[in-house]
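Trainee: Dropping the structure in here first, questions after.
All of the numbers you see were taken from the coordinates with simple rules; none came from a lab. Given the structure is predicted, the values throughout are model-derived calculations rather than measurements. Here the Cβ is made from the backbone with ideal geometry for all residues, glycine too, and neighbour counts use every protein chain on show.
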Amino acid sequence: MKRVFQHPEGPVTGKKYWRSLEEYSDSAEFKQWLDREFPDNASEFTDGQSRRSFLKLMGASMALAGIGSLAGCRRPEAYVVPLVKTPEWMVPGRALLYASAMPRRRGAQPLIVTTFDGRPVKIEGNNLYPQSNGGSSTFAQASILDLYDPDRSKTLIVEGVAKSNSEIKTILESLRNQLVASQGKDVLVLLDEANSPTQARLVRELQKQFPQINIAVYEPMMLAEQLNNAPKAIPRFEKADVILSLDCDFLNFDEGGLQSIKSFTDKRRVKNPGDPMNRLYVVENRYTNTGAVADHRLRLAASQVINFAATLAQKLGVAVPAVNGKPVPLLDLAANSFLNRWLTGLAKDLQANSGKAMIVAGAHQPALVHQIVAAINASVTAAPQAAVASAFTGLNIVQAAELIRSGKISTLIIAGGNPVYNAPNDLDWTNLQKKVASIGKVYRLGFHNDESSEKGLANIQLPMSHFLETWGDTLSEDGTLLSIQPMILPLFGGISTTQLLGALAGFAITDGPELVSETFKQVAGGDITSAWKKFVHDGFYSGARIAAPVAAGNVATVTPVPVQIDTVPLSPQSLELVIMADYKVDDGRYSNNGWMQELPDPITKNTWGNAALISQKTANDLNLKSVLEKGIYQSDVIRIKANGKSLEAPILIVPGHADNSISLSVGYGRVASDAHGLRIASNLGANAYALRSSTNPYITTGVTVEKTGKRFDLAITQEHGSMEGRALVREGTVEDFVAVPDFAKHQGMDAHIPENISIHKNPYFENGQHSSIRPPVHQWGMAIDLNTCIGCNTCTIACQSENNIPIVGKEQVQNGREMHWLRIDRYFSSKRDASKIPLGSNLDEVIELDDTEMIFQPMACVHCENAPCETVCPVNATVHSEEGLNVMAYNRCIGTRYCANNCPYKVRRFNFFDYNKRPLDSLYLGPLADRPREDIEMMKLRSNPNVTVRMRGVMEKCTYCVQRIETAKIDQKVKAAASDNIKVPDQTITTACQQACPADAIVFGDISDPNSRVSEWKASGRDYSVLSYLNTKPRTSYLARLRNPNLMKEGAGFIMPDIDDVGKMSGGVGHHGGDHSAAHGHAPEGEHAHPTTPAVQPAGHRTPVQGGGNH
Amino acid sequence: MANFFPKWTNKLPVQILIGVVLIATFNVLGIWYWFTPKFTRVGYQPEQPIPFSHAIHVKQLGMDCRYCHSFVEVSGHSNIPTTQTCMNCHSHVQKDNPKLAVLRESHEKGIPIKWVKVHQLPDYVYFNHSVHVNRGVSCVSCHGQVNEMDVVEHVKTFSMDFCLECHKNPEHAVRKNEDVFNLDWKPGREQRQESLGKNLVHDWKVNPPINCAGCHR
């Protein structure tokens, strides 16, 4: 008989952690989904095909396989083809690393690119760069896939006819001749924001040669800054102890960046109890990475942030400027005591920390918010910040559109951007471009044949090279000059924007760095031979910055978005719409990137599309629903009307969202008429640009919504691999940590069961000691700090890139078959009040769900010492190594999936199809459908040669990057040669996830070495293991999250109204207040034994908890 | 009543039985021999585009392995020499030899030479040369007396068993690093392989991996 292990339920008091609304409500549908390792759709053949047609297909594939395998009996002749001449530095079989940088609109990211035999295969952050810890971003990690995108623009297209790329030169020459003749007066050049000094120099050169030429710059997600030409503020988080973010997501890779993530999280590395930690207040309308990390978070409609800022200013005694003679309305504090207490506490905290406090405002907030923030920062908080001006400025998109409309332009050169898709809708850009294309010529330099290169809109489409294929330079966030060097010649013979500008200015197009080194000469001065070498080698110039930081306090305005002090209150009939950059596809530039499409959004866990995010209350008010059926979210589709336009989009209810507010990200809804263009991006999600005007680019009020009656299937991964509560994520407050330094070890079940005594002894490593028989040198382990994890997903993409993990497509994600080895579990937490919200209650009544906290937990194979997967494998395909790795031998695996079934962490992934060999839309055809040859060749070029590409029917999971471990061990042994110095020094090996983490939240190393970094982390009181009561002895442990609430008091009570919610310990501490037997009613006998370790006494409200229990 | 089974069917069961036994035997023997590395690998001696003789270059002329396989000590992959490497000598020596026409053509036109791969491990095996030759494992252990071969031949099975044999008992194969590229080296009288190997394994902490991840990633 099957033995059902009854996992203990979570405690009744304390907090409840949940990943989705369905889990919260504990619906029957959810339970059924949960009961199985692989959900219905994943493990059963429930799709359109009947069993009969399936057998037919299988028969056909068997026949084909038979023919194929006959030829496979004999050894095929293989060849070794050495080069004719040995290139410099190249050692066949070894990686070569080069420094480069990825241009980004708000500052480039310094990178190190790994190449094998001249092929770039992996991107990592540049750890030589002083402002970075070697971390990188999701975008940088995924950009390698763009390089090998088979849908790229490959050939010159003239009036819809493909031509040879050798004609590009001729075309640019004639364009230059035309410029010389007209002096540029009818020419408009539209550029991207690349922060490139060389491009800036070439623009100046063009302006000198052709004084009448028009140069414009357009970045859709920097529209506000561009309309205003404002310098960019750089908040100095490393100097701030108290931070208030007003709708500013400074922990993402757009508004924020590597530097702000590093300097912010560095202040949260609490090693010992009592160590200082910063405090973050966030006011925002939707959950962001920043909001998830906050100590106090207030959900507030984005259009009301201005009122919040004014109210705060008034509390702090700072004058607020009037708008058109009218004062900014204040929030009605008398009517809302919660808000009153929140604001009072915040104001007092800012005042108390003057000089160490800082307020930051989001780039899409109106100018007045920034003015108020600057005023408070100058007088009260004395916030330390610096600012950087952009490399050059040109006309903005509105002025550019005006020029075209006036009929002065007959030649339009679009370099890089995609304005037909993403220009503000009130400019009617499509028709403007069509007009120029019909009377003159439109040249488009584009990475894809997309919306802006359609026939009739562009006369000439030029293929654009990737940043890994070209020379260039760019400025980082703080204005440091970074070098971009090519790893490979352009795969399809494209040119870069720099080369295009150079050609227009009369310089020859070459493969060399002439244009860039000329700029460098002007920067560095004098003889640059050695300085240039160092610049290219290190990837950055350590000399003077190009754009000197503007003095502090001088950054009053960032955005010119006209101030709207709306008097119409928000209601379900008049909502606000917030348009933001997407966490995955950014402004749309990554929408043809399969990794980014399949990456779950950090907050919603939505893949392959976007959705209109709303709160539970708003959904109830508007009678909107999303239901879970067979594990697939079916959401109501709404029609959003804003700025005079309308758009249909599915809804997605997100706890913690502000009421009467809709958030919709851009970058989806792409269309390309070219059948081979944008195969990944096409027809996914809703195009939010359709609702965006240049007057209201980010926040629009007075938006109405109507139900269309349609339903849409979303692909959300939030329930996949759920582990049903059980104190998986643990958190406490800073004061709890002081009171009980090992609080994390005694939460959930660990609070009251005795320590496990295993009869099985690890033959290699027991009680911190190596065995004496055949001592291995290392014992690998990992620690992940939940306190610094910001949930940004960079590790997931880094893992995908390093380990050749395929994408599976939307349909298969819906079936629960995604392949990510490393997932980031996102938990909402809320105080569970059992009387108020009984289990299984109707979600529509559960409005309290909107007030939640969030916590992230990266979860991959934890490499259990007593691994449950190993004991059930019938073919020994998954076994233990003497160094503590739970290893997979793919060739032994026969795909029984027992291991995944037995894995309590649900981290094993099964290849249900040949994802690499088959097109994602015809996986079910098996060998009858082959991916185009070119796609497979591109995939081969991109793949890491040190990791096996897995085929159908094979189980896989995190390996702790065993290829990196083995490489490091081999290199050490080579170094040791005839000696016994074979121990790999600490921190030589970094796993892909650890290396990529911009917050430095992951550490990997030898746990048998007490001095290694991982041992130091594991020695922390915050260290705990997930599901340790199962005695799996995982090698990956976690450091519990800490929160740092504001504990100021007024009289006897705390000022902050949400103090009960913030970081209140889950499970253990404060656990035993409830009815003990009721809490563990389902626990099997024996689990209830008394603890040998002192459990923690329940703590009353905010009294420091004591050690030592009364069990 | 009609005779359902004619007389010849009496022999049918025996015939079927013999047939089945024969087919089974054939299958077993076939798989036993024809599908094992012993048949598919050992003795494989393909014809190369240039009849390069290791015997002449190494045995007769005394060249070191590392003159051509120059990265064997630093890389997992032991490289086949580039045309340039060959031409270092053959632009002076034997420069009109018709056997080297392919080499000269490669040099002039920049076309790489397609050498036929003799020793080939499956894709899922990650073998590393550098760690073996730096830790006392000689070329001869896996490739045989290449220095005496006119045409390179596959002499060892390269099955997993072959690898593990040595990984479990490294003392049978390790020698001092200075003797690694000396393919004619034999353990002396005083220093038997057993004792030498045991000493080296102890002194160098030789611990070849015997878990899956050592070779399969």
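Trainee: Efficiency by 1/(1 + (r/R0)^6): what FRET value for residue A:173 and residue B:193, r their Cβ-Cβ distance, R0 = 51 Å, to the nearest 0.05?
Mentor: 0.10
Trainee: Next question. Could you please report the charge total around residue A:532, scoring K, R as +1 and D, E as -1 over all other residues with beta-carbon less than 13 angstrom from its beta-carbon?
Mentor: -2
Trainee: What ranking of B:89, A:873, A:997 emerges when the number of other C-beta atoms within 10 Å of each C-beta is taken as an exposure proxy, fewest first?
Mentor: Starting with the residue having the fewest Cβ neighbours, the order is B:89, A:873, A:997.
Trainee: With a 10 Å radius around each residue's Cβ, average the other Cβ atoms per peptide and rank A:276-289, B:33-46, highest first.
Mentor: A:276-289, B:33-46
Trainee: For the pair residue A:710 and residue B:38, how long in nm is the line joining their label points, each one 7 Å along Cα→Cβ?
Mentor: Taking the simple label geometry, residue A:710 and residue B:38 are separated by 6.8 nm.
Trainee: Which of the lysines could be linked to residue A:745 by a straight reach, that is with a Cα gap under 24 Å, when you skip same-chain ones fewer than 8 residues away?
Mentor: Hits, sequence-local ones excluded: A:15, A:16, A:267, A:271, A:761, A:831, A:906, A:1018, A:1033, A:1064.
Trainee: For peptide A:936-946, how many partner chain Cβ atoms fall within 10 Å of a residue's Cβ, on average?
Mentor: 1
Trainee: Would you please put A:162-175, A:190-203 in order of how densely packed they are, using the mean number of other Cβ atoms within 10 angstrom per residue and starting with the highest?
Mentor: A:190-203, A:162-175
Trainee: Pairs A:408/A:435; A:163/A:455; A:917/B:38; B:59/B:186: which exceed 21 Å Cα-Cα?
Mentor: Pairs exceeding 21 Å: A:917/B:38.
Trainee: If you don't mind, there's one more thing I want to ask. Calculate, for residue A:639 and residue A:1011, the FRET efficiency according to 1/(1 + (r/R0)^6) with r their C-beta to C-beta distance and R0 56 Å; round to the nearest 0.05.
Mentor: For R0 = 56 Å, the calculated efficiency reads 0.35.
Trainee: Test of understanding: what is the full-extension gain from residue A:209 to residue A:439, defined as 0.36 nm times their sequence separation minus their Cα-Cα distance?
Mentor: 80.3 nm
Trainee: Order by neighbour count: B:154, B:167, fewest other Cβ atoms within 10 Å first, most last.
Mentor: Result, fewest neighbours first: B:167, B:154.
Trainee: Give, as a single signed number, the net charge of other residues whose beta carbon lies under 15 Å from the beta carbon of residue A:333, with Lys and Arg counted +1 and Asp and Glu -1.
Mentor: The answer is +1.
Trainee: What list do you get for B:172, A:746 if you sort them by fewest beta carbons within 10 Å?
Mentor: B:172, A:746
Trainee: Given R₀ = 30 Å, FRET efficiency for residue A:181-residue A:521 by Cβ-Cβ distance, to 0.05?
Mentor: So, using R0 = 30 Å, E works out to roughly 0.45.
Trainee: What order do you get for A:981-992, B:103-114, A:1002-1013 when each peptide is scored by the mean count of other beta carbon atoms within 10 Å, highest first?
Mentor: With the highest mean Cβ count within 10 Å placed first, the list reads A:1002-1013, A:981-992, B:103-114.
Trainee: Can I ask one more? Inside 10 Å of the C-beta atoms of A:971-978, what's the mean count of C-beta atoms belonging to other chains?
Mentor: Partner-chain Cβ atoms within 10 Å, mean over residues of A:971-978: 6.
Trainee: Using the Cα gyration tensor of the stretch B:24-77, with a ≥ b ≥ c the square roots of its eigenvalues, what is the shape: rounded (a/c below 1.5), prolate (a/b larger than b/c) or oblate (neither)?
Mentor: Prolate is the answer for the stretch B:24-77, as a/c is 1.5 or above and a/b outweighs b/c.
Trainee: Then there is this: Please average, across the residues of B:117-130, the number of beta carbons from any other chain that are within 10 Å of each residue's own beta carbon, and give a whole number.
Mentor: 4
Trainee: Evaluate the relative contact order of the stretch A:943-1046 (contact order divided by residue number), counting alpha-carbon pairs under 8 angstrom at least 6 apart; express in whole percent.
Mentor: Rounded, it is 14 percent for the stretch A:943-1046.
Trainee: Name all residues of the stretch B:49-83 having a backbone nitrogen under 18 Å from the label point set 7 Å from the Cα of residue B:109 along its Cα→Cβ direction, giving them as ranges.
Mentor: In the stretch B:49-83, the label zone of residue B:109 (backbone N under 18 Å from the point 7 Å along Cα→Cβ) covers B:49-51, B:83.
Trainee: Let me ask something else. Considering Cα pairs under 8 angstrom that are at least six residues apart, work out the relative contact order of chain B and quote it in whole percent.
Mentor: Here the relative contact order equals 24 percent.
Trainee: Can you give me the distance in nm between label points at residue A:337 and residue A:511, each placed 7 Å from the Cα along the Cα-to-Cβ direction?
Mentor: It works out to 7.5 nm between the two label points.
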